[in-house]
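The values are calculated or read from the model by the stated rules, or taken from the named source; none is laboratory data. Only a predicted model underlies this, so the values are computations on that prediction, with no experimental measurement involved. Quick reminder, even Gly has a Cβ in these numbers, built from the backbone with ideal geometry, and neighbours come from all protein chains shown.
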Amino acid sequence: MSDHASAVLVRPARLEDVPSITAIYNEGIRGRTATFETRERTPDEVRRWLGEPRHPVLVAEADARVVGWVAASTYRPRACYAGIAEFSVYVAASARGRRVGDALLAAFLPACEAAGLWKVLSRIFPENEASRRLCARHGFREVGTYARHARLDGAWRDVVIVERLLGDAVET
Ligand SMILES: CC(C)(COP(=O)(O)OP(=O)(O)OC[C@H]1O[C@@H](n2cnc3c(N)ncnc32)[C@H](O)[C@@H]1OP(=O)(O)O)[C@@H](O)C(=O)NCCC(=O)NCCS
């Protein structure tokens with residue numbers, strides 16, 4: 001672990017973290033490098049993420065301030081896919097590049113495994129080098145690229161699909 005990571009505490013999100021999680025997400029939405037989402041979220045919407053046993057939500061604290069979060073969410077409603085989750089990870093712009101994302105994923109993957117998930121996945125803009133490297137470091141496989149998956153601000157964008165197997169699903 002680097003010096004930076006050792007100063008970061010990762011823990012399950014609590015209700016009082018909701019405003020910080022929301023602010024960091026909305027900053028990421030405004031940045032236009034992470035997601036097709038353009039509508040900023042309200043704290044009420046983010047509050048609903050918490051308390052789902054199958055979908056861990058963790059925050060990273062540095063100097064007693066929430067500087068990042070990672071959250072699992074529903075992949076598909078079909079019962080056969082109940083062990084698969086989507087995930088998102090966002091670090092406050094002022095704290096990026098200091099291994100906060102690294103610390104979040106290092107805690108998140110075991111939390112997902114403990115929650116009974118067998119796979120987490122996400123989609124990343126090809127240009128999002130930080131996210132692709134973060135995922136590669138944590139054992140994600142780049143499955144392929146969806147071409148022209150959706151438009152962001154009117155422009156077609158590709159996305160790279162990444163997946164990480166967990167628990168029994170890991171091939172030995
Ligand atoms: C993607 C993100 C979560 C990474 O978190 P972070 O704390 O900034 O990243 P870390 O410091 O832990 O570094 C992770 C890896 O990315 C690399 N990296 C970090 N910033 C980078 C940058 N600006 N450009 C290229 N690579 C970068 C690091 O070198 C490291 O790679 P390595 O493990 O091969 O050395 C963060 O940058 C972020 O919140 N970005 C905006 C939101 C986003 O894109 N979320 C992901 C989409 S769901």
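A few notes on this one:
- Subset of region 34-53 (residues that are touching a residue at least 24 places away in the same chain (Cβ under 8 Å), surrounded by 14 or more Cβ atoms within 10 Å (Cβ to Cβ) and part of a loop (DSSP other than H, G, I, E, B)): 34, 35, 36, 49, 50
- All of (1) in contact (Cβ under 8 Å) with a residue 40 or more places away in the chain; (2) more than 11 Å from the ligand (Cβ to nearest atom); (3) among the small types (Gly, Ala, Ser) hold for residue 147 with one exception: (1).
- Members of region 1-31 found to be among the charged types (D, E, K, R) and modelled with pLDDT of 95 or more, listed by number: 11, 14, 16, 17, 27, 30
- Within region 61-70, considering residues that are under 10 Å from residue 90 (Cα atoms) and not β-branched (Val, Ile, Thr), the one surrounded by the fewest Cβ atoms within 10 Å (Cβ to Cβ): 68
- Taken over region 85-99, the criterion of being touching a Gly at 6+ places or on another chain (Cβ under 9 Å) and among the basic types (Lys, Arg) is satisfied by 96 alone.
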